[in-house]
Amino acid sequence: MLSQDCFSYTMKVIYESTGTARELAPLAVRLYFGGCAHGCLYCHGPQTERQRRAAFINHARLRQEVLIHLKSNAQRLRGDDREILVSFGSDPYQPLEMHFQTTRQAIQILIDNELRVVILTKGGMRAARDFDLLGTYDRCRFGTTVVFTNQADASRWEPNAPPVADRIQAIHQANGRGIKTWVCLQPVIYPEQALELIQELHPVVGHWKLGMLNYRKLPRPVNWMKFRKDARDLLDLLGANYYFNEDLKEL
């Protein structure tokens, strides 16, 4: 429940995205801050927050009174047609969410104000808890980040995130409930696994976003020009809707 405390100001928790984040959605909201428990090695969050990686993983916490400010922000934006990403910089379905249910309440606030909701998570079936909300609202999309088919690779690069199979199950279930789906295939680390994911998941994915690894050295060299061509050829063959991030476009 939202408290009725009075504030002399309203924090701007729905903000305009900048840089690479704008390729995901023009607006974003961040419900948790200080870190993300999933501990992905390719995450740029520690650099952004100027934290050591161990601190970033262990210090994720709820933003104080975020829902009160979100409600005020959403009322001011009521009916705005721009998509709002939930959330950038910290996963909306990391373990903390199962206790606080902040993401669920945030989704309801955005729905109540007729705003467009875009979920991006590695939380897998944790997110299925909220499919009852998303499944009855047309102005929303549910997305997951998945970049591996090999779980051993996923466990190495995404040590605390739910298994790949769990995320894939969530996408299947969302699609089965009539929720618009998308996959963030970024960063591509092993091109062959990225192509396998496209081939496997295309029947249940409405949109793909693909991008390169920019924040860490790759385990082996990648011919990005070849990957871009192979990915485009496959996506076109499948009749898929897709977007290449600027890093891939500008090769």
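The values are calculated or read from the model by the stated rules, or taken from the named source; none is laboratory data. Every value quoted in this text rests on a predicted model; they were computed, and no experiment measured them. So basically every Cβ, Gly included, is an ideal-geometry build from the backbone, and we count neighbours across all protein chains shown.
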Restricting attention to the stretch 152-162, the residues that are in contact with a helix residue (DSSP H, G or I) (Cβ under 6 Å, 6 or more places away or on another chain) and part of a loop (DSSP other than H, G, I, E, B) number exactly 1
Going through (1) in contact with a helix residue (DSSP H, G or I) (Cβ under 9 Å, 6 or more places away or on another chain); (2) crowded, with 16+ Cβ neighbours inside 10 Å one by one, Cys184 fails only at (1)
Listed by first then second residue, the pairs whose first member lies in the stretch 19-38 and is without any contact (Cβ under 8 Å) to a residue 60 or more places away in the chain, whose partner is among the hydroxyl-bearing types (Ser, Thr, Tyr), with beta carbons under 9 Å and at least 6 positions apart or on separate chains, are Pro26/Ser17; Leu27/Tyr15; Leu27/Ser17; Phe33/Ser90; Gly34/Ser90; Gly35/Ser90; Cys36/Ser90
In the stretch 208-241, anything farther than 13 Å from Ala194 by Cα, within 22 Å of the chain's Cα centre (by Cα) and among the basic types (Lys, Arg) is listed as Arg216
When the stretch 110-165 is checked residue by residue, the ones that are in contact (Cβ under 8 Å) with a residue 60 or more places away in the chain and of a type in the set (D, E, K, R) are Lys122, Arg141, Arg156, Glu158
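Name the residues in the stretch 87-103 that are farther than 23 Å from Val147 by Cβ and buried (at least 17 other Cβ atoms within 10 Å of the Cβ), would you?
Here is the first cut: in the stretch 87-103, the ones farther than 23 Å from Val147 by Cβ are 96, 98-102.
Result: Leu96, Thr102.
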For Lys122, the lone unmet condition from (1) among the basic types (Lys, Arg); (2) farther than 18 Å from Arg177 by Cα; (3) surrounded by fewer than 24 Cβ atoms within 10 Å (Cβ to Cβ) is (3)
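Do we find that Val204 is closer than 23 Å to Glu23 by Cα, surrounded by fewer than 17 Cβ atoms within 10 Å (Cβ to Cβ) and touching a Ser or Thr at 6+ places or on another chain (Cβ under 7 Å) in this structure?
Answer is yes for this residue.
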The number of residues in the stretch 126-153 that are more than 11 Å from the chain's Cα centre (by Cα) and over 14 Å from Thr103 (Cβ atoms) is 12
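Which of the residues belonging to the stretch 25-61 are aliphatic (A, V, I, L, M), at pLDDT below 80 and either within 19 Å of Gly123 (Cα to Cα) or part of a strand (DSSP E or B) (or both)? Steps first, please.
At the first step, the residues of the stretch 25-61 found to be aliphatic (A, V, I, L, M) are 25, 27-29, 31, 37, 41, 54-55, 57, 60.
With at pLDDT below 80 added as a condition, the list becomes 37, 54-55, 57, 60.
Correct list: Ala37, Ile57, Ala60.
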Flagged in the stretch 170-201 as in contact (Cβ under 8 Å) with a residue 40 or more places away in the chain, under 16 Å from the mean Cα position of the chain (by Cα) and more than 21 Å from Arg22 (Cα to Cα), in numbering order, are Ala170, Ala174, Ile179
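So if I check each of Thr136, Thr149, Thr181, Thr144, which one is closer than 25 Å to Glu83 by Cα, in a loop (DSSP other than H, G, I, E, B) and modelled with pLDDT of 95 or more?
Details: Thr149 fails: closer than 25 Å to Glu83 by Cα; Thr181 fails: in a loop (DSSP other than H, G, I, E, B); Thr144 fails: in a loop (DSSP other than H, G, I, E, B).
Just one listed residue meets the conditions, Thr136.
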Per the filter on the stretch 76-112, residues in contact with a strand residue (DSSP E or B) (Cβ under 9 Å, 6 or more places away or on another chain) and among the polar types (S, T, N, Q) are Ser87, Ser90, Gln94, Thr102, Thr103
Counted residues in the stretch 200-246 being aliphatic (A, V, I, L, M) and more than 21 Å from Asp153 (Cβ to Cβ) come to 6
Here the residues within the stretch 14-24 that are hydroxyl-bearing (Ser, Thr, Tyr) and either part of a loop (DSSP other than H, G, I, E, B) or closer than 21 Å to Asn113 by Cα (or both) are Tyr15, Ser17, Thr18
